[in-house]
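J.: To start, I am sharing the structure in question, which I have written as structure tokens.
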């Protein structure tokens, strides 16, 4: 605070530029390259590269090595959790409504590097239901939430994909065809692909 007891009115240009970059990544809801961010913000590419490196170092953006692009990072959730605005409280009524309408377990997950982590869930009313647990990670190629993550910019680890069950899709071409279908229809399913149904 300034000596007057009021907040300062002068702003820091570098911070303004970082905010503009974060806002563009958030609005895009997908990965963006430095040139695309430059077109959207009017900030020069070399400045964007340095700011992105700094934001990535702090976990606020993720650099996607396979594409060379950037996306919002999980560190944003860490910062948001410090605000008196709990994402789980905001999402809970929507999870409950989804479970009521669909009769299936609904989960709130956040993306990681190669998987998603469950923040909250509402369990299905059925006797036989999927297992959900806060903090559990979702195998990207073998769970519905993992496939949604992959369909919208997530990446798979290198090497052979693990077959959790006989139904797990381990052929990358077949998986990519399934991801294209998920992008078209807007939802994913995985039946007996991580655990036997």
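Every number here is computed from the coordinates shown, using simple stated rules; none is lab data. Being a predicted model, the structure only gives us computed values, none of them experimental. Neighbour counts run over all protein chains shown; Cβ positions are idealised from the backbone, glycine included.
J.: How far is the Cα center of the range 133-197 from the Cα center of the range 1-75, in Å?
T.: Each part reduced to its Cα centre gives a spacing of 30 Å.
J.: Just need the Rg to Rh number for the range 106-197, please, alpha carbons only, Kirkwood Rh.
T.: That ratio equals 0.94.
J.: Here's another thing I want to ask about it. Quick one: divide the alpha-carbon radius of gyration of the range 132-185 by 2.2 N^0.38 Å and tell me what you get.
T.: With N residues counted in the range 132-185, Rg over 2.2 N^0.38 Å equals 1.11.
J.: For residue 163 and residue 6 in the same chain, what is the full-extension length gain: residue separation times 0.36 nm, less their Cα-Cα distance, in nm?
T.: Value of the extension gain: 50.5 nm.
J.: Moving on. Taking other Cβ within 10 Å of each residue's Cβ, how do 194, 185 sort, fewest first?
T.: By the 10 Å Cβ count, ascending: 185, 194.
J.: A further question follows. Can you tell me the alpha carbon radius of gyration of the range 61-161 divided by the globular rule-of-thumb value 2.2 N^0.38 Å?
T.: Relative to the rule-of-thumb radius for its length, the range 61-161 sits at 1.16.
J.: Can you work out D for the chain in µm² s⁻¹ from Stokes-Einstein, where Rh is the Kirkwood radius over C-alpha pairs, the temperature is 20 °C and the viscosity is 1.002 mPa s?
T.: Once the numbers are plugged in, D ends up at 113 µm²/s.
J.: Round to the nearest 10 and give me the degree value, 0 to 90, for the angle of helix 13-28's Cα axis relative to the longest principal axis of the chain.
T.: 30 degrees
J.: Okay, moving on. For the range 13-78, just run the numbers: alpha carbon Rg, then divide by 2.2 N^0.38 Å, N being how many residues it has.
T.: So the range 13-78 has a normalised radius of gyration of 0.97.
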